[in-house]
Amino acid sequence: MASKLNWIDKLVDYVSPHAGAKRARARLAGQFYEQGLVRKYEAASQGRRTDGWITPSTNADAEIKAALLKLRDRSRDLVRNNPIAARAVQVITTNTIGTGIMAKHRAESRDQELNADLLWRSWAENASVDAAGKHDFYGLQALVMRTVAEAGECLVRRVPAKASDGLTVPLKLQVLEPDFIDSAKEQKLSGGGQIVQGVEYDGMGVVVAYWLFTQHPGGGGNPGASVRVPASEVRHIYRVDRPGQGRGVPWCAPVMIRLKDLDEFMDAQLLKLKTSCAFTAFVHDVEAPIDATQAAAALGERLEPGMIEILPPGKDIKFASPPGADGSNEFVVETLRAIAGAYGISYESLTNDYSRVNYSSGRMGWIEMTRNIEAWRWQMLIPQFCKPVWSWFAEAAGIAGSAVDGIRVEWSAPRREMIDPTREIPALVNAARAGLMSISEIHRQSGYDSDSVLEEIAADNQKLDALGLILDSDARKTMKAGVAQPYIAASDGSNEEVQTDQTSPEPQS
């Protein structure tokens, strides 16, 4: 068959060389296909460029198990000693939590809402809510967020309060570092359950318990054997990056080596600059002195500004030329940008360097960072910490006889400062006037509770009306240009025109 094909190929090539070449290309492509040499994905190819690239097909827990302890220890060391890492954790914490993520209660009646608000605030704003007695509920939010960013995860355990603690609701919170989890605890359980790195799952993969030490393993004492604590008593807060991930990873993991290298590089540059500033002079003999005593002739050992030194005969002076610092600023900036990106914050927030942005670019970076902050709040901190704590609070309140049944909770994030209020506030006003945004949504974006703001405005307006005062800021009676409105709302709520004795000022150009 092969010889017949060769004869046919020769005939086709003799009659039409172009057709013969086409047949040869088709046959060659078929051979490559049969041998499996057709390139599908270049990134999956084997060769010089991919040698040493180890890519195991492990799940999230298997990858984390071998590296978690070392990653956590190195991350903490960086935060302790590296100003860039310390600044990144601080920016994440202060921008995500601020003064605290507040709870606003909703019910069928206003009285129920006010009672729930009062009960919650009397508990949440009390430092006794912390088992260590250091923070109120909002301070614990910041502590949890900082621990998650630094160590990758955090534990919160509920502790029953005593009557002597002075809490209106008998509930305390104990914040624990992830070291309390017995990561070496691994076991297969009956019914398909298992314990993976100290976290116990049932047959459906649902977390049912944690195996915790009674004291911190790094405290110098013997932590003893771990004990089983039901998942209903513990909240495990961490950022989930992969499905099935049971433990959290420090956020600096992708740039941990860069942080260390950059820190050492900047120290070396600082030492280099320090050396270059050490202006050194060397005095040597041009000729051997005739009298040996001349070798010890007095010569100044200190250089002073404007000093003129007359050298003795036979002496010469030469100055050292230490190496100067080369231009490495762009390298440092690009490295810092990569570090900021890995943490999910802006370069400007990480470095406090605003020399490279204008209003538009600065606002774009601010918006991108805000998206990350909102994701951390609403996809991690609120569902994993705030809402479960409210459930614990409601349960403890019911036990104490202060039931909060039928109360819904809305969580409100702290207010975000505007970059340029002279531009952003008019934009919000225009959006509301165009029907693109409600007043309540503007209040929420500004970090305020809309009902409280509107109630305060109504109360202030009643006071002004009772005193007969008309302020320039009162949009009901005064236009933006300072001109009186053609009509004001009557006392019965109708819009019939009401005459006023005030003289309308002339509009200013």
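The values are calculated or read from the model by the stated rules, or taken from the named source; none is laboratory data. What you are looking at is a predicted structure, and each value in this text was computed from that prediction instead of being measured. Methodologically, a virtual Cβ is constructed for each residue, glycine included, from the backbone with ideal geometry; neighbour enumeration extends over all protein chains shown.
For the range 324-332, the criterion of being within 18 Å of Leu262 (Cβ to Cβ), at pLDDT 90 or above and within 16 Å of the chain's Cα centre (by Cα) is met by no residue. Considering every residue within the range 189-196, establish whether at least one is hydrophobic (A, V, I, L, M, F, W, C) and within 29 Å of the chain's Cα centre (by Cα). Within the range 189-196 (the criterion being hydrophobic (A, V, I, L, M, F, W, C) and within 29 Å of the chain's Cα centre (by Cα)), the answer is yes, since at least one residue qualifies. Residue count for the range 120-156 under the criterion of being part of a helix (DSSP H, G or I), more than 21 Å from Ala397 (Cα to Cα) and not polar (S, T, N, Q): the result is 10.
Residue check: is Val196 over 20 Å from Phe385 (Cβ atoms) and touching a residue at least 12 places away in the same chain (Cβ under 8 Å)? Criteria met by Val196. If you go through the range 157-171 and keep only what is in a strand (DSSP E or B) and either among the polar types (S, T, N, Q) or buried (at least 22 other Cβ atoms within 10 Å of the Cβ) (or both), you end up with just Leu171. Pairing each residue of the range 445-458 that is over 18 Å from Ala432 (Cα atoms) and assigned by TED's automatic domain parsing to the domain that holds Met102 with any residue that is in a helix (DSSP H, G or I) and among the small types (Gly, Ala, Ser), provided the two are 6+ apart or on different chains, yields no C-beta distance under 9 Å. Checked against (1) surrounded by 11 or more Cβ atoms within 10 Å (Cβ to Cβ); (2) assigned to a helix (DSSP H, G or I); (3) over 29 Å from the mean Cα position of the chain (by Cα); (4) free of Cβ contacts under 8 Å to residues at least 12 places away in the same chain, Leu271 passes all but condition (1). Per the conditions (1) crowded, with 20+ Cβ neighbours inside 10 Å; (2) over 30 Å from Arg121 (Cα atoms); (3) small (Gly, Ala, Ser), the sole criterion not satisfied by Gly192 is (1).
Determine whether Ser75 is among the hydroxyl-bearing types (Ser, Thr, Tyr) and touching a Cys at 6+ places or on another chain (Cβ under 6 Å).
Working: among the hydroxyl-bearing types (Ser, Thr, Tyr): yes; touching a Cys at 6+ places or on another chain (Cβ under 6 Å): yes.
Judged against the criteria, Ser75 is a match.
Scan the range 344-383 residue by residue and report those that are hydroxyl-bearing (Ser, Thr, Tyr) and either closer than 21 Å to Gln245 by Cβ or touching an Asp or Glu at 6+ places or on another chain (Cβ under 8 Å) (or both). Steps first, please.
Looking only at the range 344-383, we keep the residues that are hydroxyl-bearing (Ser, Thr, Tyr), and these are 346-347, 349, 351, 354-355, 359-361, 370.
Ser346, Tyr347, Tyr354, Tyr359, listed by residue number.
From the list Arg80, Arg87, the one residue that fits, being under 16 Å from the mean Cα position of the chain (by Cα), assigned to a helix (DSSP H, G or I) and among the basic types (Lys, Arg), is Arg87. Between Arg228, Arg242, the distinction of being assigned by TED's automatic domain parsing to the domain that holds Leu155, part of a strand (DSSP E or B) and surrounded by fewer than 16 Cβ atoms within 10 Å (Cβ to Cβ) belongs to Arg228 only.
Residue-by-condition table, conditions (1) of a type in the set (Val, Ile, Thr); (2) more than 21 Å from Gly344 (Cα to Cα):
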| site | (1), (2) |
| --- | --- |
| Leu69 | no, yes |
| Arg72 | no, no |
| Thr93 | yes, no |
| Gly98 | no, no |
| Asn115 | no, yes |
| Asp130 | no, yes |
| Ala142 | no, no |
| Ala163 | no, yes |
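Answer yes or no as to whether Glu309 is modelled with pLDDT under 95, surrounded by 12 or more Cβ atoms within 10 Å (Cβ to Cβ) and over 17 Å from the mean Cα position of the chain (by Cα).
Working: modelled with pLDDT under 95: yes; surrounded by 12 or more Cβ atoms within 10 Å (Cβ to Cβ): yes; over 17 Å from the mean Cα position of the chain (by Cα): yes.
Considered against the rule, which asks whether it is modelled with pLDDT under 95, surrounded by 12 or more Cβ atoms within 10 Å (Cβ to Cβ) and over 17 Å from the mean Cα position of the chain (by Cα), Glu309 comes out as yes.
Taking Gly219 as the residue in question, decide whether it is assigned to a loop (DSSP other than H, G, I, E, B), of a type in the set (Gly, Ala, Ser), assigned by TED's automatic domain parsing to the domain that holds Ala131 and within 30 Å of Asn126 (Cβ to Cβ). Taking the combined requirement at face value, the residue satisfies it.
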